[in-house]
Amino acid sequence: MTVKHPDILVVGGSLAGLTFALASASRGVPVRIVERAERRTLGGDNLNIDLAAIARTVNCDLRVEAKLPVVRAFRDRHLTTWPALYGWLRDRAAEMPGITLEESHAVASVAAEGDRAIVTFADGTSTTADAVIGADGYHSVVRRAVAPDQPLASYAGYLVWRRLVEESALSAPIAWPTEGGLWIMLEQGYRLVAAVLPGRDGSLEIGRRQVTFAWFDGRRDELLRRTGCLDSDRHVVGTLSAHAITAEVREELSALVPRLWPEPWTEAVAYGVRTPGAMRGAPIAEYKPERLAAGPIAIIGDAAHGVSPMTGSGYATAVDDAFVLATMLAERDAAEPPADLLKRYERARLPYTRGLVDHSRRLSADFTHYVASWLG
Ligand SMILES: Cc1cc2nc3c(=O)[nH]c(=O)nc-3n(C[C@H](O)[C@H](O)[C@H](O)COP(=O)(O)OP(=O)(O)OC[C@H]3O[C@@H](n4cnc5c(N)ncnc54)[C@H](O)[C@@H]3O)c2cc1C
């Protein structure tokens, strides 16, 4: 007998949404993803990932099939670029039976009506589903339906300037081995994380790699408020896009580079902050969930739990969310209402995710105290 699966609509087709879709569809549970952007090219730079956990979740081994370009980070962790991982997941999702991917389709709101979820799109149309899974990031629309009394993420007190730089744009290759892992340094109230990553084409050849930096800066509250990235209650409601980073800010950062960051990273960071283009300034958003589900609606990934990149765990936690939820859906008793299953998902994930956000807050407090110690 064929099991009748619930209609599942996933809001957000980035790392969490695509991972969940692959996890579900590969276990025989079809899903429909709606994503507001066209194929994304920007979203992040460097990710340390657990290849075995991703392979177990999506039922496809990135170490073997259409290999994901990686370098070793530490222990069993690897580093990859956000564009490479996103491209790998999206390409698999596009060819996987059971996944319908609709891009350029923004969701305006989600609500429960009885045991169904109603999704209203920005173009005024609407649809219903047995279950809606919000994978729509730190400023989630779906979260407003799950936690209407606590819909926004809080500002952790600092931002991260981040960019990927082509090694070929530099005067000389970076003197850092491909197997060198992450380089982390604190200096004068700032923190820098840097690494050498595979090139855009996956190459590990010296001169064709990419260099990543994440420069943590706790002195930009005024800029974030002025540009509308923070609301009056210090919730994060936006990110500094390339055009919001003025020439004045770039010059200020550029002048700091030789005073703060040593070789082999000086030129790459200076190039990254000076050259207009892909640098972003992301205010760090933290969100400690009280709930992960309400009726036929649930949240996963950054929509469910906002943590600092210092934890190195944002996407890793989304992978665990996807594994747990997809496995429950695949093993669901046909008589169990989707809302009950989503409650079980919440019970399974809430304690860990709340603990992780506490850990993130401790790291953020340590960093903001360190910044304050330099400001006098
Ligand atoms: C500098 C930095 C370093 C990091 N390093 C690591 C690391 O080493 N390891 C790790 O595990 N994690 C790391 N992270 C965290 C990781 O990048 C995030 O946890 C992860 O990318 C979140 O993915 P997501 O899909 O949940 O959210 P997002 O990437 O925010 O995706 C949300 C998607 O939803 C779509 N969307 C939003 N609203 C709507 C709407 N209304 N309708 C339709 N679509 C919508 C968006 O367009 C987007 O595609 C790092 C983060 C940063 C900033």
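Observations on the model:
- Test set (1) surrounded by fewer than 18 Cβ atoms within 10 Å (Cβ to Cβ); (2) at pLDDT 95 or above; (3) not polar (S, T, N, Q) - P177 fails condition number: (2)
- For the residues P276, P296, P289, the requirement of being surrounded by fewer than 23 Cβ atoms within 10 Å (Cβ to Cβ), more than 12 Å from the ligand (Cβ to nearest atom) and over 27 Å from T178 (Cα atoms) singles out P289.
- Scan region 99-120 for residues that are outside any loop (DSSP other than H, G, I, E, B), near the ligand (Cβ under 10 Å from one of its atoms), of a type outside the set (A, V, I, L, M) and farther than 16 Å from D7 by Cβ and the total you get is 1.
Let's see how each residue does on (1) in a helix (DSSP H, G or I); (2) over 21 Å from the mean Cα position of the chain (by Cα):
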| position | (1), (2) |
| --- | --- |
| A334 | no, yes |
| A339 | yes, yes |
| L342 | yes, yes |
| Y345 | yes, no |
| A348 | yes, yes |
| Y352 | yes, no |
| G355 | yes, no |
| S364 | yes, no |
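- Here is the figure for region 204-255: residues that are surrounded by fewer than 14 Cβ atoms within 10 Å (Cβ to Cβ) and either acidic (D, E) or not assigned by TED's automatic domain parsing to the domain that holds G277 (or both) total 7.
- Matching residues, region 248-287, being of a type outside the set (D, E), under 20 Å from R225 (Cβ atoms) and in a helix (DSSP H, G or I): V249, R250, L253
- Residue count for region 202-224 under the criterion of being under 21 Å from the mean Cα position of the chain (by Cα) and closer than 10 Å to S168 by Cβ: the result is 1.
- Number of residues in region 1-33 that are more than 9 Å from the ligand (Cβ to nearest atom), in a loop (DSSP other than H, G, I, E, B) and either modelled with pLDDT of 95 or more or not polar (S, T, N, Q) (or both) equals 11.
- Residues being of a type in the set (G, A, S) and in contact with a Ser or Thr (Cβ under 6 Å, 6 or more places away or on another chain) - total across region 66-102: 0
- Scanning region 163-184 for any residue that is under 17 Å from the mean Cα position of the chain (by Cα) and within 16 Å of the ligand (Cβ to nearest atom) turns up at least one such residue.
The values are calculated or read from the model by the stated rules, or taken from the named source; none is laboratory data. As the structure is a prediction and not an experimental result, all values here were calculated from the model. Reconstructed Cβ throughout: ideal geometry from the backbone, glycine too, with neighbour counts over all protein chains shown.
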